[in-house]
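Trainee: This is the structure I want to talk about, given as structure tokens.
The values are calculated or read from the model by the stated rules, or taken from the named source; none is laboratory data. These figures come from a predicted structure and were not determined experimentally. Methodologically, a virtual Cβ is constructed for each residue, glycine included, from the backbone with ideal geometry; neighbour enumeration extends over all protein chains shown.
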């Protein structure tokens, strides 16, 4: 497995070593020891989540605050997404900057999203299955979000906005200026 730190400190893209033959393929999707060796981070994942979505579904940008902040390790099991994380750490040199990467069942890449980041993804193929590990439990009262098209962040989703499928809850999320002046 290879790990490459993005320009956002603490966010990593992982590329596994895949073994393929006539039967199919095998790869190790997570190993605590390898993760720690490659990143220097000691993360204890406590919850796994999975979703299935159609092309055009945009989920996010979500995060939790306080004692319930979450780090996530995200990947696609089937299909393709544009995955995005936004640095919301006010003292970070990359505050309110984003990183995006295409995660697919073919490239088998994973993105580690540290605590203090918002996260979202745009589904690029029907019947996409998205999976992620969290290092803290979901806590409804600590849940927050940012609108996907926040002008102060300027995410390039590279997708027609009128074709996006967004939950009613995500359509009314605030801009980052609500939280950070």
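Trainee: So how many residues does the range 25-60 have that are out of contact with any strand residue (DSSP E or B) (no Cβ under 8 Å at 6 or more places or on another chain) and surrounded by fewer than 11 Cβ atoms within 10 Å (Cβ to Cβ)?
Mentor: Of the residues in the range 25-60, 4 are out of contact with any strand residue (DSSP E or B) (no Cβ under 8 Å at 6 or more places or on another chain) and surrounded by fewer than 11 Cβ atoms within 10 Å (Cβ to Cβ).
Trainee: Under the condition of being without any contact (Cβ under 8 Å) to a residue 40 or more places away in the chain and surrounded by fewer than 19 Cβ atoms within 10 Å (Cβ to Cβ), which residue from the range 79-92 is farthest from residue 144 (Cα to Cα)?
Mentor: 91
Trainee: Of (1) in contact (Cβ under 8 Å) with a residue 40 or more places away in the chain; (2) in a strand (DSSP E or B), residue 44 satisfies all except one. Which?
Mentor: (2)
Trainee: Can you report the number of residues in the range 122-160 which are farther than 18 Å from residue 102 by Cα and surrounded by fewer than 12 Cβ atoms within 10 Å (Cβ to Cβ)?
Mentor: Residues meeting the conditions: 5.
Trainee: Tell me, yes or no, whether the range 33-41 has at least one residue that is more than 26 Å from residue 19 (Cβ to Cβ) and part of a strand (DSSP E or B).
Mentor: no
Trainee: Within the range 139-146, is even one residue more than 18 Å from residue 69 (Cα to Cα) and at pLDDT 95 or above?
Mentor: Scanning the range 139-146 turns up no residue that is more than 18 Å from residue 69 (Cα to Cα) and at pLDDT 95 or above.
Trainee: If you don't mind, there's one more thing I want to ask. Considering only the range 169-176, I want to know if a residue exists there that is closer than 20 Å to residue 3 by Cβ and either touching a helix residue (DSSP H, G or I) at 6+ places or on another chain (Cβ under 7 Å) or surrounded by 14 or more Cβ atoms within 10 Å (Cβ to Cβ) (or both).
Mentor: no
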